[in-house]
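Report on the following structure.
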Amino acid sequence: MTIKHWTPPQFSLRFVHVWRRNLLVWRRLAIPSMLGNLADPLLYMFGLGYGLGRMLDDVGGMSYIGFLAAGIVCSSTMMSASFEAMYSGFSRMHVQKTWDAILNAPLTLDDVMLGELVWAASKSFLSGCAVLIVATVLGLVPSPLALAVIPLIFLTGLAFSGLGLIMTALSPSYDFFMYYFTLCVTPMMLLCGVFFPLDQLPAAAQAVAQLLPLTHAVSLARPLVAGEIPPTWLLNIAVLAAYAVVSFYIALALTRRRLLQ
Amino acid sequence: MNAPPLTASGLRKFYGAHEVVCGVDFALRPGECFGLLGPNGAGKTTTLRLCLGLTEPDAGDISVLGRPVPQQAREARLRIGVVPQFDNLDPDFTIRENLLIFGRYFGTSDHELNARIPDLLDFAGLASRADTRIQTLSGGMKRRLTLARALINDPELVFLDEPTTGLDPQARHVIWERLRQLLKRGKTLLLTTHFMEEAERLCSRVAIMDHGRIIAEGGPRALIAQHIEPQVVEVYGEIAPDWAERFGRSHAERCEITGETIFCYTHDPAPLIADLDGRSDLRYLHRRASLEDVFLKLTGRELRD
């Protein structure tokens, strides 16, 4: 890495065309893609929510499935953003050379990366919202305050898209992404309060969890779904925003090093 | 149209400690086809990437269509078309969509693009397949579509990086014919290739690059006249090296030996042919010297991998 890779990004509105290109591809496969994205989180929600929920009176002051719903909204957003930024992003960057083609037009790598970031966040936004809608239909979302979860889903998507793009910039092949899923995504699923309240964890694990972005997404979503203002909302938003901005900046520098030789 | 469409002066580029472009100067004239020739690894593609502003030079100045590059590369690329070395068409789209989506990157309206696309499809000979997915296309069709895509912004200058590598002769001739049409329309072309025949047919001027430097520059016929004897007799056979020592060397100005083939360069081939004509143990071919002979003389015959 040299200092040149870290020059501040300069964006143009042409990033929208990268986003539109990806949207057009997605529209072809929208229905199977949405069903695929929904199946996994809904299986967790129903399987654990009803199955395990029968044995629990209440968790954090609500039914277990209600507790789980807010967590699953966040974790499915994380999954969807990570998959799109890594597997699909890597296809476009490395396998199909779509980015190379775009860079011959009057777009810069900064524009392409911004388009990819916003696209992956948009796709994960649909996944997160779909889970939220299902939960609402099931009567698990008692308060209109849950509407505030909608922008939160997008912010969460940006944070995980940025992290995914870092992995894409470093990846020699698709296999590489398994490390990230095993070492980062799965631990976050289990440690960040999706399935059980954080205070069940030992203090050290709780401290680690506070550093992870999914914890902050769940800390915002769960009270909002239940109709309460999240107690540490400013901190939670700041952490997610910082993850989005910093990870994207790192991903951009790494991708400049990789492609602009 | 009087200013040079592209000038590069003193270009240098290092990858780590390895200098891949070592002080390259050249300028294109409006409406010409300029060829950058060189063996693999000579620095041709890097030179193109520098001129597109995709990588920054370590030294030197580039001006493309009046814009300094890389500072205003985005503005320069608005009026450049690029045919890359490897096809990077969008496999998720049809032929027509490939053109439309790519045109949007230039900020052109869909209305305008839809008006341009039929002509480009005709130019590429793909009008009847406009709504086909590109996976089903042959290599030649993909190259033609890539060429059409490079014209979607009606560029003044077109970069072609080894545009016919991997094509069969029919497909290659079609591409050459299309490139001549572009020249007729007044476009300026910058072509990299290692097919000397391609350069001789298309280029008004060529620069031969090796190890990151331009080692010769000029019109193809002028380079041949300047660097090499005008007639070549190629001699093949087991005893050819022996024949070269005994007879060839003393009757040609220059002989090059590779395995069992002898290349005799000369102004007067008559004595060589008189000796070879009656023989059954040697076969020969008499031809005019070509750009390939110049290229091999200047860059050597050893393999470049």
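Between B:ALA17, B:ALA222, B:LEU190, the Cα set farthest toward the positive side of the dipole of region B:6-225 (charges on each charged residue's Cβ, about the Cα centre) is that of B:ALA222. Of the chymotrypsin sites (Phe, Trp or Tyr not before Pro) found in region B:47-154, those that fall in a DSSP loop while having at most 13 other beta-carbon atoms within 10 Å are B:PHE86. Averaged over peptide A:18-28, the number of partner chain Cβ atoms lying within 10 Å of each residue's Cβ comes to 3. Looking at the square roots a ≥ b ≥ c of the eigenvalues of the Cα gyration tensor of region B:98-205, which shape do they give, rounded for a/c under 1.5, prolate if a/b is larger than b/c, or oblate? Cα axes put region B:98-205 in the oblate bin.
On region A:117-261, 76 percent of the accessible area sits on carbon and sulfur atoms, based on a 1.4 Å probe. Of the residues B:GLU56, B:GLU234, ranked by 1.4 Å probe accessible area with the largest first, the sequence reads B:GLU56, B:GLU234. Assuming a ≥ b ≥ c are the square roots of the Cα gyration tensor eigenvalues, decide whether chain B counts as rounded (a/c under 1.5), prolate (otherwise, with a/b larger than b/c) or oblate. In terms of gyration-tensor shape, prolate.
A:SER124 sits among other residues whose Cβ lies under 14 Å from its own Cβ, and their net charge, with Lys and Arg +1 and Asp and Glu -1, is -2.
Per DSSP H run of n ≥ 4, the term is -39500 (n - 2.57); total these for chain B, divide by its residue number, and report the mean residue ellipticity at 222 nm rounded to 500 deg cm²/dmol. Estimated from H runs of four or more residues: -9500 deg cm²/dmol. The local environment of B:TYR265, defined by Cβ-Cβ distances under 14 Å, has a net charge of -1 under the rule Lys, Arg +1 and Asp, Glu -1. Surface composition of chain B: carbon and sulfur atoms hold 49% of the protein heavy-atom accessible area at a 1.4 Å probe. Compared with the alpha-carbon gap, the fully stretched path from B:HIS267 to B:GLU197 is longer by 23.0 nm at 0.36 nm per residue. Approximating the spin labels as points 7 Å out from Cα along Cα→Cβ, the B:ASP277-to-B:ALA17 distance works out to 6.0 nm. Excluding same-chain neighbours fewer than eight residues apart, the lysines reachable from A:LYS123 by a Cα-Cα span under 22 Å are A:LYS97. Across region B:193-203, computed HN-Hα scalar couplings (Karplus, 6.51 cos²θ - 1.76 cosθ + 1.60, θ = phi - 60°) run 6, 10, 8, 5, 5, 4, 5, 5, 6, 9, 8 Hz from first to last residue, x flagging Gly and Pro.
Remark: spin-label model distance B:GLU302-B:ASP25 equals 3.0 nm, labels positioned 7 Å along the Cα→Cβ axis. Relative contact order for chain B: 20 percent, from Cα pairs under 8 Å spaced at least 6 residues apart, divided by residue count. Working note: Karplus 6.51/-1.76/1.60 with θ = phi - 60° gives region B:146-160 the couplings 4, 5, 4, 4, 5, 9, 4, 9, 6, x, 8, 10, 10, 9, 10 Hz, where Gly and Pro are set to x. Per residue, the accessible area of chain B comes to 43 Å² when a 1.4 Å probe rolls over the protein heavy atoms. Comparing B:ILE228, B:ILE134, B:ILE239 in a Gaussian network model of chain B (Cα springs below 10 Å), the most mobile by mean-square fluctuation is B:ILE239. Taking the chain by itself as reference, region B:61-95 contains these residues with an accessible-area loss of 40 Å² or more in the full protein complex (1.4 Å probe, heavy atoms): B:ARG74, B:ARG77, B:ASN88, B:ASP92, B:PHE93.
Among B:LEU99, B:LEU291, B:LEU137, the residue with the largest mean-square fluctuation in a Gaussian network model of chain B, with springs joining Cα atoms closer than 10 Å, is B:LEU137. Near A:SER80, once Lys and Arg are set to +1 and Asp and Glu to -1 for all other residues with Cβ below 13 Å from its Cβ, the sum equals -1. Shielding by partners for peptide A:102-113, expressed as the average number of C-beta atoms from other protein chains within 10 Å of each residue's C-beta, is 6. Pairs spanning more than 27 Å between alpha-carbon atoms, out of A:LYS4/B:LYS142; B:LYS187/B:LYS297; B:LYS142/B:LYS184: A:LYS4/B:LYS142; B:LYS187/B:LYS297.
Under 15 Å of direct C-alpha separation, and excluding same-chain neighbours fewer than eight residues apart, B:LYS13 reaches these aspartates and glutamates: B:ASP25, B:GLU56, B:ASP58, B:ASP61, B:ASP210.
What total accessible surface area, summed over both chains, is buried at the interface between chains A and B, computed with a 1.4 Å probe and given in Å² to the nearest 100? Intermediate values should be presented prior to the final figure.
On the way: alone 12470 and 14370 Å², together 24420 Å².
Accessible area lost upon association: around 2400 Å².
The values are calculated or read from the model by the stated rules, or taken from the named source; none is laboratory data. In this text, all values refer to a predicted model and were calculated from it rather than measured experimentally. Because the Cβ atoms are built from the backbone with ideal geometry, glycine has one as well, and the counts that use them run over all protein chains shown. Side chains included, ligands, DNA and RNA excluded: accessible areas come from the protein's heavy atoms. Shrake-Rupley method; radii C 1.70, N 1.55, O 1.52, S 1.80 Å.
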